[in-house]
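Take a look at the structure set out below.
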Amino acid sequence: MNLFKEIIFLLRKEFKLEWRQKYALSGILLYVLSTVFIIYISFQRVSPQLWNVLFWIIMLFASINAVVKSFVQESGHRQLYYYQLANPIAILLSKMLYNASLLLLLSVLTFSALSFIAGNPVEEAGQFSLALLLGSLGFSITFTFVSAIAAKADNSSTLMAILSFPVVIPILLLLVNLSAHSIGLLQSTMIGRDIMLLASVDLILVALGLVLFPYLWRD
Amino acid sequence: MKKHWWKALGVVIVLYSFFMGLLTPLKTGILEANPASVRTGQEVMLEVKGYNSFYTQAQNELRAWLKMDSERALAARRVEVVDDRLVKLTFDIPAFLPVDKKVQDFTLILDSPADGASVLPSGVFVTQDSINAALGETAWPNADIANLHEKAAITFPFRNILGETIRNTYYHVPLWFAMFILFISAVVYSVKHLRNFDQRYDEQAAALTSVGILYGILGLVTGAIWAKHTWGAYWSFDVKQNMTAVGLLIYGAYFVLRASFEDPEKKARISAVYNIFAFATLIPLLYVIPKLTDSLHPGAGGNIAFGSQDLDNTMRMVFYPAIIGWTLMGVWMAQLIFRMNRLKHRLLEE
């Protein structure tokens, strides 16, 4: 129960921190809006197929920018201070949860911006929201953990991109498949299996992150 | 010798796979039947081109059938051997076929005492002018396919699209298996390192991973050459090819990560963590996603799975040893890299 309390407390800390330095959040929002606008100017007419791919590519780059700061931004000394105060597992979980909610917000925003400009091709809203939820979770888990790895090195921002892009591709492919189905581009009878697969990949990665993190934070 | 026998064994097995894999001839096959498309109610003269065949040695005993399904077949009325690679077959196609389809494919079967039986699946298509299955059933002059010969020699099967490239099964596929065995053992060493922080375990993991990447590149290159001959292009946007490129990127990132640390203990610990994490994402990449989407590879998207029909017993005699041989060679190479790195460190410390 103690761990649960710690997570809640740390989550509140993360939200408060974000609220106080609004530039980070507003920077990412502006990033999403300008990317969507660039896409509109370059394509003008966006077919559903293109819409699907573009949506997830915007999401990929926006979320890597949003998540990279979670471990990289805080200095080593301050992190050491956190680890003295709280359980490292609680710190990792709170960062993952916080990033997941941030990415969920980001994906809703990207979705509304893209559908405002390029139209909304989504036919099955429930399935698409499930894709958004699982995608935010998967991106957040992978990127948070990779940013914890990259924060240990000196050239962390380059390393973040190199390490996280190949690792996230399986999740991204499953997501593109799932949302293509919700848009009506794919006729698959085994969509339940795809959802299960995505959820289990998320679950495996979070379990692995929890097992490996104690080896990571100690210096 | 007591300690190093496995290195010699690996070399001997790989050499064996080279000799057996490249020198064993293919079974007699049929390259093509011309014309491939005929009509009902005609006397048809088929020109059949053989591969690795010796038709002149079996002059009078050469027999041929057009097989429709497991029960029905047409026997050739006349067989005329032109030379070793060319034979002319005359068939009387009945006026009606016992099926409701407009176009029916027939499998061409040739049997000779010198070469054994050879098959061309869906070699001849018969188009019906008018469909009457009941009439076709009664008028069907059925011929039993019996007493097929078998060639008493060690041969590999002949498959129509593959041809001689079937030999790549002993290089492309075992390299993949060996790569996976090396990656798995690297992960085992990474786990071992995290259990007691012994530097050597991490260096073992790095050495095994680098040989694994070498095998991965070799597997990709042999696969691309094979794809050029069978699918028509080096890179066919096949899901397994793409996923493999991504997998190699993951392991490339592993070495970039290693290079970015000065402190050897930190480097060992963090790259061990990344190695385990990356391997977990590699499994859906290489084994789950290719099964969900269409692939030109066997075992995906409705293609027959590997091992069910593709391997016969002579191929197994080369294929399975080749996996063991390449794995042993890979472990040996990893040992050499590992020892070289240890010596380098020792030199730098002095």
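Taken together, the values in this text are just the output of simple stated rules run on the coordinates, not laboratory data. Since this is a predicted model, take the numbers as computed values, not measurements. Cβ: placed from backbone, ideal geometry, glycine included. Neighbour counts: every protein chain shown.
Mean per-residue shielding of peptide A:153-164 is 3, counting Cβ atoms of other chains within 10 Å of each Cβ. Remark: C-alpha extents of the stretch B:29-139 on the principal axes read 41, 23, 21 Å, sorted largest to smallest.
The mean sequence separation of alpha-carbon pairs under 8 Å and at least six residues apart, normalised by the residue count of chain B, gives a relative contact order of 18 percent. If you look at the Cα atoms of chain A, you get an Rg and a Dmax of 17.8, 54 Å. Note on the stretch B:163-349: Rg/Rh from C-alpha atoms, Kirkwood Rh, equals 1.02.
Extent of chain B along its three principal axes (Cα atoms, max minus min coordinate, largest first): 90, 43, 28 Å. Considering only B:Ser118, B:Ala95, B:Val288, the residue lying farthest towards the positive end of the dipole of the protein assembly as shown is B:Val288, judged by Cα position with unit charges set on Cβ.
Sorted largest first, the spans of the alpha carbon positions of the stretch B:73-191 along the three principal axes are 72, 36, 23 Å.
Summary value for the stretch B:112-231: 27 percent relative contact order, contacts being C-alpha pairs under 8 angstrom separated by 6+ residues. I need the shape label for the stretch B:112-262. Rule: rounded when a/c is under 1.5, else prolate if a/b > b/c, else oblate, with a, b, c from the alpha carbon gyration tensor. Here the stretch B:112-262 falls in the prolate category. Hydrophobic, long helices, defined as DSSP H runs whose alpha-carbon span along the helix axis is 30 Å or greater and whose mean Kyte-Doolittle value is at least 0.5, occur in chain A at A:22-43, A:88-118, A:125-150, A:156-183, A:191-217. Positive-end ranking of A:Leu93, A:Gly76, A:Ala131 along the dipole of chain A, with charges on Cβ about the Cα centre, is headed by A:Gly76. Rounded to the nearest 20 debye, the dipole magnitude of the protein assembly as shown is 2160 debye, with +1 charges on Lys and Arg beta carbons, -1 on Asp and Glu beta carbons, and the Cα centre as origin. Computed with the Debye formula from one identical point scatterer per Cα of the stretch B:1-81, without solvent, the log10 of I(q)/I(0) at q = 0.21, 0.26 Å⁻¹ comes to -1.10, -1.34. Counting Lys and Arg as +1 and Asp and Glu as -1 over every other residue whose Cβ lies under 15 Å from the Cβ of B:Thr155, the net charge comes to +1.
Note on the protein assembly as shown: the alpha carbon radius of gyration divided by the globular reference 2.2 N^0.38 Å gives 1.26. Rounded to the nearest 20, the size of the Cβ-charge dipole of the stretch A:81-204 about its Cα centre is 240 debye, with Lys and Arg at +1 and Asp and Glu at -1. Once the C-beta distance of B:Leu31 and A:His77 is scaled by a Förster radius of 56 Å, the resulting FRET efficiency is 0.15 to the nearest 0.05.
Computed from the Cβ-Cβ distance with R0 of 45 Å, the FRET efficiency linking A:Lys13 to B:Leu336 stands at 0.30. Charge dipole (Cα centre; +1 on Lys/Arg Cβ, -1 on Asp/Glu Cβ; no other charges) of the stretch B:1-97 amounts to roughly 700 debye. Taking the DSSP beta bridges with both ends in the protein assembly as shown, the antiparallel portion is around 90 percent.
Remark on B:Tyr171: its backbone amide H falls under 5 Å from none of the residues 5 or more positions apart or on other chains, H modelled at 1.01 Å from N. Comparing B:Ala227, B:Trp140, B:Trp176 along the charge dipole axis of chain B, the residue lying farthest to the positive side is B:Trp176, per the Cβ-charge model.
Per residue, the average separation of C-alpha pairs within less than 8 Å and at least 6 apart gives the stretch B:29-143 a relative contact order of 32 percent. For chain B, hydrophobic long helices are taken as DSSP H runs at least 20 Å long by C-alpha position along their axis with mean Kyte-Doolittle hydropathy of 1.0 or more; these are B:5-23, B:172-196.
Treating the Cα atoms of the stretch A:64-137 as identical point scatterers in vacuum, please give the log10 of the normalised Debye intensity I(q)/I(0) at q = 0.12, 0.20 Å⁻¹, two decimals. For the requested q values the scattering log ratios are -0.47, -0.88.
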